[in-house]
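What follows is a set of notes on a single structure, which appears directly below.
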Amino acid sequence: MDFLPSPEADLLDVVKEEARRKFVRKRWRMAFRKVLFNLRMSANRMSRALLKDALRRVSLARQTGFLDLRYWTPCTHLPPSSKMRIREVPNETFDLRSVKTIWLQENQIRRIPPGIGNLTSLTQLRVFKNQLGFLPPEIGQCSLLQLLWLDHNAIAVLPREIGALTNLTTLSIVSNPLTRFPLECGALKNLRKFDFDQSRVLYPPPEVSRRGVKVVVDFLKRILASRESNKLSLAYAPPPLLNRRQIVGSQSPSA
């Protein structure tokens, strides 16, 4: 089953309290087992309900162009820690070629399948607060994408294909173990908002990254262009000028 509730361990306190409240102490063990059994059955029903609801939302997105698969709480008597989250993006999602907006935030998604490249009409993608370790190269096929939120994940590298997202205006990747940006980010000519952890990112160098999104993109663009022309101009670099070691070292491929 692709859709699961929170781990059983998170529900033990609820089970214990329920057993104590409804049954006398001498029957506590029997009560505990009964409540736990009922809770497991309830969890299975909720899992099926979550799957059914997710597919319903996917079907609705065919008409509206908007897919909302954020976490939800179908069973109000469970504590907040028991909110149910999806672990995988439903395969049916990648048949929605006309969908423009997808919200997947605050789930337990570990990967986005290559099928994301089929969504050529996509303009907004929210995947923050998940467990993503990477983005598939096929993300570059979403050429109309304008807003991309990747905060609070486990992304260590960005694919070079991200440079194909020339319509991107917002890229947010705060709270990820990312230390370098690919030079292809220099092709993001329409980027206006670029949020990342400046204290963690080593390249571009701090002398560049702290000057704002335009300087960062221009710096990457010039380094990328220098590969073909063998000429490099960093006239905008603030004093002290970037030393040769920083520049040459930064030209190593980073994906």
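The values are calculated or read from the model by the stated rules, or taken from the named source; none is laboratory data. Since this is a predicted model, take the numbers as computed values, not measurements. Counting neighbours? That spans all protein chains shown, and the Cβs are built from the backbone with ideal geometry, glycine included.
Among the listed residues Val99, Val24, Val58, Val89, which satisfies the condition of being modelled with pLDDT under 70 and β-branched (Val, Ile, Thr)?
Val24
Within the stretch 136-155, restricting attention to residues that are among the aliphatic types (A, V, I, L, M) and out of contact with any Leu (no Cβ under 6 Å at 6 or more places or on another chain), which residue is nearest to Thr120 (Cα to Cα)?
Residue satisfying both the conditions and the ranking: Leu144.
Which residue pairs have Cβ atoms under 7 Å apart, sit 6 or more places apart or on different chains, and have a first residue in the stretch 112-125 that is in contact (Cβ under 8 Å) with a residue 12 or more places away in the chain and a second that is hydroxyl-bearing (Ser, Thr, Tyr) and surrounded by fewer than 16 Cβ atoms within 10 Å (Cβ to Cβ)?
Once the first residue is in contact (Cβ under 8 Å) with a residue 12 or more places away in the chain and sits in the stretch 112-125, its partners that are hydroxyl-bearing (Ser, Thr, Tyr) and surrounded by fewer than 16 Cβ atoms within 10 Å (Cβ to Cβ) give Thr120/Ser143; Ser121/Ser98.
Name the residue, out of Ile155, Ile162, that is assigned to a helix (DSSP H, G or I) and under 17 Å from the mean Cα position of the chain (by Cα).
Within the list Ile155, Ile162, the selection yields Ile162.
Can you give me the number of residues within the stretch 137-152 that are outside any helix (DSSP H, G or I) and within 23 Å of Asp197 (Cβ to Cβ)?
Adding up the residues that qualify gives 8.
Being closer than 22 Å to Pro182 by Cα and more than 9 Å from the chain's Cα centre (by Cα) is the filter here; which residues of the stretch 110-122 pass it?
Scanning the stretch 110-122 gives Pro113, Pro114, Ile116, Gly117.
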